[in-house]
Amino acid sequence: MGVTHRVKLAGRIWRWAYTRLRGRADGWADDKGVVLIHDKLAPQRRLEVELHEALHCLYPDLSEESVTNGARDLRRLLYSTLGYRRKGE
């Protein structure tokens, strides 16, 4: 497994890791406190997947459609409008 972080979201500690994921998913969060993000995503897609999984952690009762739309809107705001970038990008 690649880079791993411990993050606190909604009062809970999550193990947030970047690794190779098989199948169609670019990321997922489980009920045991683990978030996995595919480690080979393009910058904008990576940000959107990170936001998507964080929204699942923060608001587990939101529908998949709401999480997807919210993550997409937040990615547009941060990346396209405000110029958010990771170091070295």
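The values are calculated or read from the model by the stated rules, or taken from the named source; none is laboratory data. In this text the structure is predicted, and so the values were computed from the model without any measurement. Please note: Cβ atoms are built from the backbone with ideal geometry, for glycine as well, and neighbour counts cover all protein chains shown.
Results, tabulated for the structure shown:
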| quantity | calculated |
| --- | --- |
| Qualifying residue in the range 61-75 (condition: part of a loop (DSSP other than H, G, I, E, B), surrounded by 11 or more Cβ atoms within 10 Å (Cβ to Cβ), free of Cβ contacts under 8 Å to residues at least 12 places away in the same chain and not hydroxyl-bearing (Ser, Thr, Tyr)) | yes |
| Hey, Leu47 in contact with a Phe, Trp or Tyr (Cβ under 6 Å, 6 or more places away or on another chain), crowded, with 19+ Cβ neighbours inside 10 Å and at pLDDT 95 or above or not | yes |
| Options Leu55, Leu74, Leu62; residue that is among the aliphatic types (A, V, I, L, M) and either under 11 Å from the mean Cα position of the chain (by Cα) or at pLDDT below 95 (or both) | Leu55 |
| The range 1-24 residues that are surrounded by 10 or more Cβ atoms within 10 Å (Cβ to Cβ), paired with ones that are at pLDDT 90 or above and assigned to a loop (DSSP other than H, G, I, E, B) (beta carbon under 7 Å, 6 or more apart) | Gly2/Asp39; Arg12/Gly33; Ile13/Gly33; Trp14/Gly33; Arg15/Gly33; Tyr18/Asp39; Thr19/Asp39; Arg20/Asp39 |
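Every residue, every condition in (1) touching a strand residue (DSSP E or B) at 6+ places or on another chain (Cβ under 8 Å); (2) among the hydrophobic types (A, V, I, L, M, F, W, C); (3) under 26 Å from Gly83 (Cα atoms), yes or no:
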| residue | (1), (2), (3) |
| --- | --- |
| Leu9 | no, yes, yes |
| Ile13 | yes, yes, no |
| Gly23 | no, no, no |
| Trp28 | yes, yes, yes |
| Leu51 | no, yes, yes |
